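See below for the structure under consideration.
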Amino acid sequence: MGRSLLGPQDPFFFFSLFFWFVVMLRAALRGRTAAFTQLAPAAVRPRCCAWRTFSEVAKTGEDKDGDGKKFAGGSVPQTDAERQVSTEDHIPERPIMPPPYLKKDGWKGSISGLVAVFGMLGMFLYLMDAHDASVQRAVIEQDNIGKPKLGGDFELTGSDGSRVKSTDYLGKYVILYFGFRMCPDVCPVEMEKVAEVMEYLDEKFGADLVVPMFVSVDPRRDKPKDVGEYVAEFHPKYVGLTGTEEEIKNVTRMFRVYYNPGVKSGEEDYLVDHSIIHYLVDKSGQFREFYGKNLTPMEMAKKIEKHILKDKEASAKRAVEKAKGVSDA
């Protein structure tokens, strides 16, 4: 489960580059690189580093700035020719004092700036390592704990008024969703998502393997026939179920579904607040996984496909082992 600390796929990658660039730019503007002008050879130093005046140089007849050159005659040049020679020797006619920021910190400032930069980088890498470690611990703990205890057998009323049991769908995968018929936006969007998932899975595994199922959390208004007409608008295989308030309460407890009627402005005018989750129940009637509304239809379909393929592989393996056991006997 590990991932690289720094890479284009990491959301902190560009932030770290930007932060480092800003720090170095600020350090340069504040003269943190002034150590270059003190340690580099005189031939490559900027002219502003020649801080000595002509009168100071003329006293000894040599350039104290470090390039080892001398003036002819050891005196201040007077003629134009002499002044031309002085210019070629890179000694300004009058002193050019360094900007204040070059005199402020020197090599000590440069080192302190680098220490700050690498300190921040080290802290960033440490935090990323700690984050990866916490994610790995969470994955290990989840693997140790296993799946939450959701699901169970239930019995509700179908759209034709007949009683429908969850065990009637053993041998099929069920995509279970809880909502209500008068839902203005969320439920239609989520059920359209399931319709797209069903198109993908039906094409991949055939039309008889996966069944979408809708359970109403508004049994007072959602009558069996109304629920049947509602779900048929999204996919022809949708199974619409409702029941008494007590039956709905029991099945929602099994799957830990939250639902609560909001403020009622009238006897028939209200909304129901509820969980927005799809549950996958496998062919043995066991809960396998749940999917939130943040998933796209293709992401959800791929996750379900992974479970189906895994079960097929396990089933084929058991068949091989059984056949081997029979042949050995």
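The values are calculated or read from the model by the stated rules, or taken from the named source; none is laboratory data. All figures in this text were calculated on a predicted structure; none of them were measured in a lab. For neighbour counting, all protein chains shown are included, and Cβ atoms are generated from backbone atoms with ideal geometry for every residue, glycine included. The accessibility values were calculated without ligands, DNA or RNA, using every heavy atom of the protein model including side chains. Shrake-Rupley method; radii C 1.70, N 1.55, O 1.52, S 1.80 Å.
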Residue set G206, G262, G240; condition surrounded by fewer than 20 Cβ atoms within 10 Å (Cβ to Cβ) and under 27 Å from M298 (Cα atoms); output residue G206
Which of the residues spanning region 176-202 are modelled with pLDDT of 95 or more and open to solvent by 70 Å² or more (accessible area, probe 1.4 Å)?
-> V189, E192, E196, E199
In region 230-274, how many are outside any strand (DSSP E or B), small (G, A, S) and under 26 Å from V197 (Cα atoms)?
-> 1
On the given criteria, is D269 in contact with a Gly (Cβ under 9 Å, 6 or more places away or on another chain) and free of Cβ contacts under 8 Å to residues at least 60 places away in the same chain?
-> no
In the list F255, F287, which residue meets the criterion of being open to solvent by less than 20 Å² (accessible area, probe 1.4 Å) and either touching a Ser or Thr at 6+ places or on another chain (Cβ under 9 Å) or more than 21 Å from M191 (Cα to Cα) (or both)?
-> F255
